[in-house]
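Asker: Encoded as C-alpha cells, here's the structure I'll be asking about.
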Amino acid sequence: MGQGQISTCLATRNPILFGRGTHRRVGEELRRLGVTKALVVCDAGVRAAGILDKILGCVEAAGIGTVVFDGVQPDPPDWTCEQAAGLGVREGVDGVVAVGGGSSLDTGKAAKILLTNPPPISRYYLAHEDIVPDESKMYPIIVMPTTAGTGSEATPGGVITDTATNVKHNVPCISNLGIVDPELTLGLPPSVTAITAVDALCHAAEAYTSNKPNAISDILTEKAISLIGENLPRVIDDPGDAAAREGVQLAATLGGLGLMGPFCHIPHEIGLIIGTAFHIPHGAACGATLPEGLEFAAEALPERVAAVTRLLGGSVPTGASAAQIGAAARETVTRLFDKIGFPELRRYCAREELLAAAPRIMEPYPFVHCPREVALTDVADILAKAYDRGQ
C-alpha cells in the first residue's frame with residue numbers, strides 16, 4: 001500500500017490519509033484547512049511516549065500555534081470534553097488535532113462541537129435529536145489514531161460518558177481529515193495492542209453478521225477480518241514488525257468504514273454496558289462476548305459466520321450444521337484470544353455481578369441490528385459462557 005494514499009469515505013464525508021510517515025503532514029494539512037492555532041488533545045500516555053512532541057513539532061514547523069489539553073480520560077466523561085473545549089475557547093483556537101486512542105479522538109470531536117456551540121456536551125447527544133450542531137460553522141478537526149482499533153477516523157461521531165447517568169452517548173461530529181500512520185502505534189504495549197485490535201475485529205465481524213449488511217460493507221469487513229487474523233498474532237510476537245502493524249491499522253480503518261450502515265450488535269451492545277459498569281476497557285468489554293456472539297448469530301447466518309471463521313484462519317467442516325459452525329467460530333476466536341493474551345472477564349468482576357447486569361443490558365439496547373431476536377435469557381447465557389470460557 002502506498003504512502004499517503006487518500007481515500008474518501010462516502011458514509012462520513014471525511015478524507016483519510018493512510019500510510020507510514022503521514023503524520024509529518026499534519027502541519028501542512030492544518031494550514032490547508034485554514035487553521036492558525038490548534039487545540040491538541042491527547043492523554044498523558046501519548047505525552048509520556050513522546051508522540052505529542054513529535055506532532056507538535058510538525059504543527060509548529062508549519063507556522064501554526066498550539067495549545068495542549070492532555071487530560072483525556074478513558075471512556076471520556078462529559079466534564080473532560082467541556083474542560084478541553086473551555087481551554088480552546090479561552091486560547092482562541094480555530095482548529096483541533098486529536099492524537100491517541102479512541103478516547104482522545106472522541107474527546108477531540110466533542111471539543112470541536114463545544115468550540116462554537118454552547119455547553120454542556122449533553123445538549124448534543126444523538127439520543128435527544130433536538131439540537132444538532134451546524135457542521136458548517138464548526139472549526140476543523142484532524143484525528144490521528146495511535147492505536148489500531150477504534151476506527152474513529154472513519155465514523156461521524158464520538159462516544160461520551162454522561163457522568164450523571166453513567167451511560168454512553170453518541171455526539172455527531174465528522175472528522176475533516178484522518179491521518180492514520182502505523183508508525184504512531186509502534187510503541188504500543190502488547191496488551192493495549194491486543195485489546196484495541198479486538199475492538200476493530202468486533203466492528204468488522206459484527207457488521208458482517210448484522211441484519212443489514214451490503215455489498216460495500218462486505219468488501220471492507222471481510223478484508224478487515226482477514227488482515228487481523230493474519231497480522232495481529234505477528235504484532236504480538238514482534239511489536240516492532242512495521243508491516244504487521246500497518247496491516248492491523250488498515251483493518252481498524254476498514255472496520256470503522258464497514259460498520260457505517262450495518263452497525264454492530266451483541267458484543268458492542270453488551271460491551272457498552274459492562275464496560276461502564278465494571279470499568280473494563282472498551283475493546284476488552286466488547287471482545288469479551290465476541291466468540292459467543294458469533295455462535296449465537298450462526299443460527300440465523302451460518303454461511304456468514306463460517307466465512308468469519310475461515311477469514312480468521314479457522315476451519316469449518318463440509319456440510320456442518322449451524323450449531324457446528326457456531327462452535328467452530330467460538331473456538332477460532334478463542335484460539336486467537338489465547339495467542340494474543342486477551343484478558344478474561346474474571347479479571348474485572350465476579351460472575352454473579354456480571355449476570356446481574358443482564359437486565360440492564362436489555363433496557364437501552366434492543367439489539368435492533370442483531371440477525372436474531374435476543375431475549376434476556378440469551379444475554380444471561382452469553383454472559384455466563386463468556387465468563388466461564390477457559391476455565
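Taken together, the values in this text are just the output of simple stated rules run on the coordinates, not laboratory data. The structure presented is a predicted model; accordingly, all values stated were derived computationally and were not measured. Please note: Cβ atoms are built from the backbone with ideal geometry, for glycine as well, and neighbour counts cover all protein chains shown.
Asker: Just to confirm a number: summing +1 for Lys and Arg and -1 for Asp and Glu over residues other than THR209 whose beta-carbon lies under 12 angstrom from that of THR209, what do you get?
Answerer: Counting the neighbours of THR209, the net charge comes to -3.
Asker: Which peptide among 24-37, 311-324, 277-290 comes first, and what is the full order, when sorted by highest mean count of other Cβ atoms within 10 Å?
Answerer: Peptide ranking by packing, descending: 277-290, 24-37, 311-324.
Asker: Let me ask something else. Can you list the lysines whose alpha carbon sits under 30 Å from that of LYS223, skipping same-chain ones fewer than 8 residues off?
Answerer: List returned: LYS109, LYS168, LYS212, LYS339, LYS385.
Asker: Grab the other residues whose beta carbon is less than 13 angstrom from that of THR334, score K and R as +1, D and E as -1, and report the net.
Answerer: -1
Asker: Could you tell me whether region 306-354 comes out rounded, prolate or oblate from its Cα gyration tensor? Rule is a ≥ b ≥ c as square roots of the eigenvalues, rounded for a/c under 1.5, then prolate if a/b exceeds b/c, otherwise oblate.
Answerer: oblate
Asker: Continuing with this model, one more query. Which net charge results for the neighbourhood of LEU294, defined as the other residues with beta-carbon distances under 10 angstrom from its beta-carbon, given Lys and Arg at +1 and Asp and Glu at -1?
Answerer: Overall, the nearby charge balance is -1.
Asker: By how many degrees, between 0 and 90 and to the nearest 10, does the Cα long axis of helix 78-91 differ from the longest principal axis of the chain?
Answerer: 20 degrees
Asker: Please determine, in degrees from 0 to 90 and to the nearest 10, the orientation of helix 190-208 with respect to the longest principal axis defined by the Cα atoms of the chain, where the helix direction is its Cα long axis.
Answerer: Tilt relative to the chain: about 70 degrees.
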